[in-house]
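What follows is a single structure, written as structure tokens, with notes after it.
The values are calculated or read from the model by the stated rules, or taken from the named source; none is laboratory data. Small disclaimer: the values here were computed from a predicted structure and weren't measured. Cβ sites come from the backbone with ideal geometry, for glycine too, and all protein chains shown count toward neighbours.
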Amino acid sequence: MRIILMGPPGAGKGTQAEFLTQALKIPHISTGDMFRKAVKEGTSLGLEAKRYMDSGKLVPDTVTVGIVKERLAEADCQNGFLLDGFPRTIPQADALENILQELGMNLDKVINLEVGREAILKRLTGRRVCKSCGAIYHMLYHPSSQGNKCELCSGEIYQREDDTEATVVNRLEVYERQTAPLVEYYEKKGLLLNILNTAGDEKVETITHNILKALGSGQK
Ligand code: AMP
């Protein structure tokens, strides 16, 4: 299955992506994770991406499309993939269409996680991430039982630089201006599945269940 997972920052894309890719046995392709890895490794891609990421801006389309193109051509994407955080602009969506055409692939579905603005602000500023394995926690909703260490790998838990309040507000503006138009773009193509969680208070498992049901995977 070839899926895009969309939604504003803080809608729970990363968390849902973990569960969905396990259930569907497909690779999780997160451009944000790819950029963060490059930043950590200090590569030239990382140095360029960091300039945009720290202020909540989008990395230029040419750079982003290039890394996705390389990744989708890898063998493990042959039987499907879940794209998380890409595309984020109409030109990226058009570029994706060309990439998939070249690879002889079609998109199956685009999942749109709908969460209201209030809930998003609360979620993002409380979000914490493991520096080593990327596991996602939340100060209020899902704290680690190991304090500031990761439950899975004992790595250090930290706040992403772009999860501070000022950057979050900027990221939401960028989302509304550049990414939200993709909802209509994919609706017109008949690929959109809206998953509602307006107040942001649904359980993670409920959302996963609703997505799998909507995808028709037969998951209980
Ligand atoms: P994310 O983890 O998906 O919220 O991404 C974190 C940051 O990485 C974003 O705020 C952007 O600066 C950058 N980024 C991730 N995906 C993209 C994309 N598709 N296009 C441009 N920039 C991106």
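Residues in the range 71-86 that are aromatic (Phe, Trp, Tyr) and either farther than 27 Å from Leu20 by Cα or more than 7 Å from the ligand (Cβ to nearest atom) (or both): Phe81 alone.
Selection of the range 177-204 for residues being of a type in the set (D, E, K, R) and either closer than 26 Å to Lys37 by Cβ or modelled with pLDDT under 95 (or both) yields Asp201, Glu202, Lys203. The single residue among Leu192, Leu215, Leu172 that is buried (at least 16 other Cβ atoms within 10 Å of the Cβ), in contact with a helix residue (DSSP H, G or I) (Cβ under 6 Å, 6 or more places away or on another chain) and touching a residue at least 12 places away in the same chain (Cβ under 8 Å) turns out to be Leu192.
Restricting attention to the range 47-60 and to residues that are assigned to a loop (DSSP other than H, G, I, E, B) and within 7 Å of the ligand (Cβ to nearest atom), the residue that is nearest to Arg88 (Cα to Cα) turns out to be Leu58. Checked against (1) of a type in the set (D, E, K, R); (2) surrounded by 15 or more Cβ atoms within 10 Å (Cβ to Cβ); (3) within 15 Å of the ligand (Cβ to nearest atom), Glu114 passes all but condition (3). Inside the range 149-163, residues that are more than 16 Å from the ligand (Cβ to nearest atom) and either modelled with pLDDT under 95 or on the phi > 0 side of the Ramachandran plot (or both) make up a count of 1. Just one of the listed residues (Val63, Val68) is within 11 Å of the ligand (Cβ to nearest atom) and touching a residue at least 24 places away in the same chain (Cβ under 8 Å), namely Val68. Pairing residues of the range 25-47 that are within 27 Å of Gly80 (Cβ to Cβ) with residues that are of a type in the set (Ser, Thr, Tyr) and within 11 Å of the ligand (Cβ to nearest atom), at Cβ distances under 6 Å and at least 6 apart in sequence or on separate chains, gives Thr31/Thr64. Within the range 30-45, being of a type in the set (Gly, Ala, Ser), outside any strand (DSSP E or B) and within 11 Å of the ligand (Cβ to nearest atom) holds for Gly32, Ala38.
Here Ala11 does not fit the description of being assigned to a helix (DSSP H, G or I) and either within 12 Å of the ligand (Cβ to nearest atom) or at pLDDT 95 or above (or both). From the list Ala93, Ala73, Ala135, the lone residue that is out of contact with any Lys or Arg (no Cβ under 8 Å at 6 or more places or on another chain), in contact (Cβ under 8 Å) with a residue 24 or more places away in the chain and crowded, with 17+ Cβ neighbours inside 10 Å is Ala93. Evaluating Gln92 against the criteria (1) more than 9 Å from the ligand (Cβ to nearest atom); (2) within 15 Å of the chain's Cα centre (by Cα) leaves one unmet condition, (1).
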